[in-house]
């Protein structure tokens, strides 16, 4: 039995094949577009995340938390008066940032939000700097007045919050104060206050022996239990603001 070409014309195969080509090409184009879109999202997501106001506020606050450790701690020992006077410089810097942000907002510049964020934070940070300069400059040998002196800026912060001013910076100060209170509470619970006072009073060559004794004290069951409880409390307090999208938290 022979099959003739007339029964299966060539144009049927050619039409069918040509009709499939656009579909295949379209699917390949869609797949390539999806891959390019996914790769673009991978690289753009970190950049967009870093541009969010809350992430900027967190990074700026983390930077300002580290400043007293590396700058104020050595400065306050050799020049406590200068360290205290620098509070005015921090306030002036924060106020100038806020003025600049208002100017940028008036002329519709994109840098307005960043300048306002830094100005707000620096003003709140200045209260922390002032309290640290007072305590570590003149009262560092008395741990019992540490928390009261660290709270010296609290009336100013409450007044500013009452009028809705510098919310980000003032909440930064309150957060720092809560962290200081939890740290001091750990020292009281574990019994590290005598070692604290000894470090401030004794000569520097005695520091290794004092620190070694303090570490032995921290290795007891009571110390470990206190650390777990207070660390859990600190984590709980730190996660509560994450429920809000407000930058000040």
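The values are calculated or read from the model by the stated rules, or taken from the named source; none is laboratory data. Because the structure is predicted, anything quoted here is derived from the model rather than measured. Reconstructed Cβ throughout: ideal geometry from the backbone, glycine too, with neighbour counts over all protein chains shown.
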Among 240, 228, 193, which is modelled with pLDDT of 90 or more and either surrounded by 13 or more Cβ atoms within 10 Å (Cβ to Cβ) or under 30 Å from residue 125 (Cβ atoms) (or both)?
193
Quick one: would you say residue 164 is touching a helix residue (DSSP H, G or I) at 6+ places or on another chain (Cβ under 6 Å) and at pLDDT below 90?
no
For residue 150, are the conditions met, namely being touching a helix residue (DSSP H, G or I) at 6+ places or on another chain (Cβ under 7 Å), under 30 Å from residue 199 (Cβ atoms) and either surrounded by 13 or more Cβ atoms within 10 Å (Cβ to Cβ) or modelled with pLDDT under 90 (or both)?
yes
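In region 144-159, how many are under 27 Å from the mean Cα position of the chain (by Cα) and under 20 Å from residue 201 (Cα atoms)?
3
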Listed by range, helices (runs of 4 or more DSSP H) wholly within region 43-119 having at least 1 residues that are at pLDDT 80 or above and farther than 22 Å from residue 157 by Cα are 73-78, 80-106
Criterion violated by residue 165 - all others in (1) assigned to a helix (DSSP H, G or I); (2) surrounded by 12 or more Cβ atoms within 10 Å (Cβ to Cβ) satisfied
(1)
Considering every residue within region 213-223, establish whether at least one is in a helix (DSSP H, G or I), at pLDDT below 90 and buried (at least 16 other Cβ atoms within 10 Å of the Cβ).
yes
